[in-house]
1. Give segment 14-63 a look and list any residue that's under 18 Å from Val121 (Cβ atoms), free of Cβ contacts under 8 Å to residues at least 60 places away in the same chain and open to solvent by 50 Å² or more (accessible area, probe 1.4 Å), or say none.
2. Can you find a residue that is modelled with pLDDT of 95 or more, more than 29 Å from Val4 (Cβ to Cβ), touching a His at 6+ places or on another chain (Cβ under 8 Å) and not β-branched (Val, Ile, Thr) anywhere in segment 277-291?
3. Which residue pairs have Cβ atoms under 8 Å apart, sit 6 or more places apart or on different chains, and have a first residue in segment 263-277 that is without any contact (Cβ under 8 Å) to a residue 60 or more places away in the chain and of a type outside the set (Phe, Trp, Tyr) and a second that is assigned to a helix (DSSP H, G or I) and open to solvent by 50 Å² or more (accessible area, probe 1.4 Å)?
4. Please pick out the residue among Arg280, Arg267 that is in a strand (DSSP E or B) and among the basic types (Lys, Arg).
5. Taking the stated definitions as given, is Ala106 more than 11 Å from the chain's Cα centre (by Cα) and open to solvent by less than 40 Å² (accessible area, probe 1.4 Å)?
6. For Ser140, are the conditions met, namely being more than 15 Å from Val289 (Cα to Cα), in a strand (DSSP E or B), modelled with pLDDT of 95 or more and open to solvent by 20 Å² or more (accessible area, probe 1.4 Å)?
7. Pick out the one residue from Val71, Val4, Val84 that is open to solvent by 10 Å² or more (accessible area, probe 1.4 Å), at pLDDT below 95 and either in contact with an Asp or Glu (Cβ under 9 Å, 6 or more places away or on another chain) or among the β-branched types (Val, Ile, Thr) (or both).
Amino acid sequence: MEKVTVRVPATTANLAAGFDVLGCALSLYNKLSFAPAEKLSFSGCPEEFWNEDNLAYVAFAAVWKQLGKAVPPVHIHIEADVPVCRGLGSSAALIAGGAMAANLMAGSPFSREKLLEITTVIEGHPDNLAPALLGGLTASMMDGEKVYSVSYQPHAQLRFVALSPNFELSTHEARSVLPKSVPYGDAVRNGGYLAVLLRALEQGDEELIAAALRDHLHQPYRRKLIHEYDAVEKLANKNGCYAVCVSGAGPTILCITRDPSFSERMRADVEALHHGWQVRDLTVDYQGVISLYE
């Protein structure tokens, strides 16, 4: 086996009414290298993750086990630009990277769709994993252990501006505030929002996107965990963007716009806030995880 290096995109999931269904790959990346070694070892990430529970290794091992083969010892080097616990798919990026690296080292026996099935068992749901592996905007569902994912084509001029604060929010905490059930009418309305949102994203219709980025399942509860959410939303509206939602489980706030200068105006305005908001002007990544040749 030879050294393998892969690049994996960040992902934004949910997009309001697409709770646990929608995900979109974005132009922000982790790079992971896997080299044959005498024993498992790591570099590039905090020492607390230098063990077999590292998600990149968990996925790497899962692919070998699916093949019925012993897991080879490797050295894993991680260069992570995707922030951890910020709602931009950091876990999915590690899992997709580990799975793809193992598949390449094994001679590519599995399709990306099969890797999605293998890794969904690790992540628990495919909304982030599907775009991380396949690229683009995806809608995914599960039928038992079978994972289905379909792709959509967002308008080429849309920009996904991610605003991330200086505090973390774990998926576990974000799920803990969700209700056990919702009114029937709210569920019906969410179905309508989701159906309209997908077409609006393809058309690049900012007004329609803003109207469809509503939700009754998770956002009303999660936004309360995000300090200064209301202030960031007001600044986005002031700067001409009304298509605002929670990215994944948060705390990143996502703004969808066709205005190429929007991010610069927001970058200047959020400096007055208290939580060190970092503004990333991103576009859709259509490749998903890829192999890099060094």
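The values are calculated or read from the model by the stated rules, or taken from the named source; none is laboratory data. In this text the structure is predicted, and so the values were computed from the model without any measurement. Cβ coordinates were reconstructed from backbone atoms using ideal geometry, including for glycine residues, and neighbour counts include every protein chain displayed. Just the protein is used for accessible areas: all its heavy atoms, side chains included, with ligands, DNA and RNA removed. Shrake-Rupley method; radii C 1.70, N 1.55, O 1.52, S 1.80 Å.
1. Glu52, Asp53
2. No: segment 277-291 contains no residue that is modelled with pLDDT of 95 or more, more than 29 Å from Val4 (Cβ to Cβ), touching a His at 6+ places or on another chain (Cβ under 8 Å) and not β-branched (Val, Ile, Thr).
3. Asp269/Lys238
4. Matching residue, one of Arg280, Arg267: Arg280.
5. Yes: the conditions hold for Ala106.
6. Judged against the criteria, Ser140 is not a match.
7. Selected residue: Val84, the only one of Val71, Val4, Val84 that is open to solvent by 10 Å² or more (accessible area, probe 1.4 Å), at pLDDT below 95 and either in contact with an Asp or Glu (Cβ under 9 Å, 6 or more places away or on another chain) or among the β-branched types (Val, Ile, Thr) (or both).
So that you can scan it fast, the table gives a plain yes or no per residue for (1) in a loop (DSSP other than H, G, I, E, B); (2) touching a strand residue (DSSP E or B) at 6+ places or on another chain (Cβ under 7 Å); (3) open to solvent by less than 40 Å² (accessible area, probe 1.4 Å); (4) not aliphatic (A, V, I, L, M):
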{"residue": "Leu208", "(1), (2), (3), (4)": "no, no, no, no"}
{"residue": "His216", "(1), (2), (3), (4)": "yes, no, no, yes"}
{"residue": "Asp230", "(1), (2), (3), (4)": "no, no, no, yes"}
{"residue": "Leu254", "(1), (2), (3), (4)": "no, yes, yes, no"}
